[in-house]
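Readers should treat all values here as calculations from the given coordinates under stated rules, not as data from a laboratory. Note that this is a predicted model, so its numbers are computed, not measured.
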Amino acid sequence: MICTMKTSVASLLFATVATRTSAFAPASRSAFSRNMSANTVPLANGAMSFDRVCREWRCKYTGDKATSESLEAISKLVDEYLPEIKASSSDATVNRLVCGACLDFKLMTTVPLNDFGPWEEKGFAPEAEFLEKLKAIEGVSQVETQTITNMVI
C-alpha cells in the first residue's frame, strides 16, 4: 500500500507538472482526494499539501529601520499599489515583512490555487510596474521575486 501510494504520488506530481504550464496547477483527483479538497496539491509523499500560492517581491533597503528613507519610499510605493495588488484575487492576502537586522523588505501576496494561474497569465500584475519603481528607489538593491506555497497550518 505504501509503495503504491508513493508511486501514485510520484505519477500524479509528474503528470501535473508535465501537463500544465504552471508548476502550481491543481492536481486531478487521486487516491488523496478523500483526505484533501479537489483543488489541493499533495507534496512530500502526501505528508503535506497546498491550495494557496504566494508571489513574493523582495529587496534590500538601507539605513536604520526606524529612520530609513529607502524603507519609507518603499512604504509609499506599497500604499500606491496595494489596491491593485489586492485585486489579484477576491481572497488575496498581502503580508509585509521587514527585517531591521538583515535590511530585508518582502511583500508577499497569497492567492487561492484556482486564482494563481489567471494572475500568472497577467504577469502577476502590477508586478512589472511595481518592481521598476522599486528598483528606482535610492538605497534599494537586490530586487527579486519568488513563487512559493504559503499555507496556514
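From the Kirkwood radius over Cα pairs of the stretch 52-149, Stokes-Einstein at 20 °C and 1.002 mPa s returns a whole-number translational diffusion coefficient of 157 µm²/s. Cross-link pairs exceeding 22 Å between alpha carbons, from the set K76/K133; K106/K135; K76/K122; K65/K135: K76/K122.
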